[in-house]
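The values are calculated or read from the model by the stated rules, or taken from the named source; none is laboratory data. Quantities reported herein were computed from a predicted structural model and do not represent experimental measurements. Cβ atoms come from the backbone with ideal geometry, glycine included; neighbour counts cover every protein chain shown.
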């Protein structure tokens, strides 16, 4: 499918077969991921009597593969045929889930970590392949709306996911919960068969020594683009701010608001519901607003709301601010995703995503790990004000590129010549 033809006479976004298929696949994957996350969390907490080290290993299993495999996965995603890559990743995830299920059944409960770990590895190959297909099969002027639909889907599961995961685990136990994940991954692979066939030119011939050149090319491509460089800086600052705020949310509930730790779920549900509404709102006007402005709006709002949450001791005020923050947060996700797609050549989207994504996750994990020592040294209001300041710097980083427009002709990748 020629995306330039699509751009001149693009059909309705909802009639786009590619988008229909990807959204249905994403629904299935989100069901599996949320059931898996809560099954593992609740099972490990019960088995280890809430051992913080054992529970923290779950996050390590989920996030560590992003550091190691995101660069590699993005490079391979640019070399391989994306449809085939996504189908095989889902199939292999399902196979690995059932294999781990056998080891759990025969007594090795520590294998639950492998479920998250293997799935996280394979997602580093599947996700950039999905981004490449977005570039091929969604018209340029509809990219931002497409990203808004994905953001809305993520928000729906932020609200429903915890309830779904807790219900399945509480009703059926660990083994059935893990099996559900394997089944929905297989169903996702079947759904992805509906994707338009890969174009032969999207697959590269493997050449000895070429992988290293293509790997380095991803970093060079990002560095040579002012827009992508500034986006990388925004990733780093947002990751630092989000990590420390997420890690200390529980203390906002117990210390600032004087409520029990169970009250945290209401903060998260309010935030998730607002993200759902915000994603829908952004989708309606996404065509008319440049993605870098969307990103700046989201980060300014994040700066103000994060600082207020750090100072507030009122439940109504904190819930209201959490709602407003969730309402605007989709601007960050949609702005970032659209900028990656609009300022990256189709043949290198996977590598650009592989370079930028670990910046956010890496900084988030680093700030999470420092959250405890920061809490011992500074007050919550000071820490949250600092996180808000990081968001503000990220918004200011957008100023030099605020008026940049996506080029009609993107720079080609040298290795393709």
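Tell me yes or no: at least one residue of segment 281-292 is closer than 25 Å to residue 382 by Cβ, modelled with pLDDT of 85 or more and assigned to a helix (DSSP H, G or I).
Start the filter on segment 281-292 by keeping residues that are closer than 25 Å to residue 382 by Cβ, which leaves none.
For segment 281-292, residues closer than 25 Å to residue 382 by Cβ, modelled with pLDDT of 85 or more and assigned to a helix (DSSP H, G or I): absent.
Checking residue 276 against (1) more than 17 Å from the chain's Cα centre (by Cα); (2) more than 21 Å from residue 400 (Cβ to Cβ); (3) buried (at least 19 other Cβ atoms within 10 Å of the Cβ), which test does it fail?
Result: residue 276 fails condition (1) only.
Please work out which one of (1) farther than 29 Å from residue 274 by Cβ; (2) buried (at least 16 other Cβ atoms within 10 Å of the Cβ); (3) at pLDDT 90 or above is the condition residue 176 fails and give its number.
(2)
Could you please let me know if residue 161 is more than 23 Å from residue 331 (Cα to Cα) and either in contact with a helix residue (DSSP H, G or I) (Cβ under 8 Å, 6 or more places away or on another chain) or free of Cβ contacts under 8 Å to residues at least 12 places away in the same chain (or both)?
no
Does residue 35 meet the test of being at pLDDT below 85, buried (at least 20 other Cβ atoms within 10 Å of the Cβ) and within 16 Å of residue 178 (Cα to Cα)?
The answer is no for residue 35.
So which residues in segment 12-40 are closer than 22 Å to residue 96 by Cα and either without any contact (Cβ under 8 Å) to a residue 60 or more places away in the chain or not assigned by TED's automatic domain parsing to the domain that holds residue 166 (or both), if there are any at all?
Passing the criteria: none in range.
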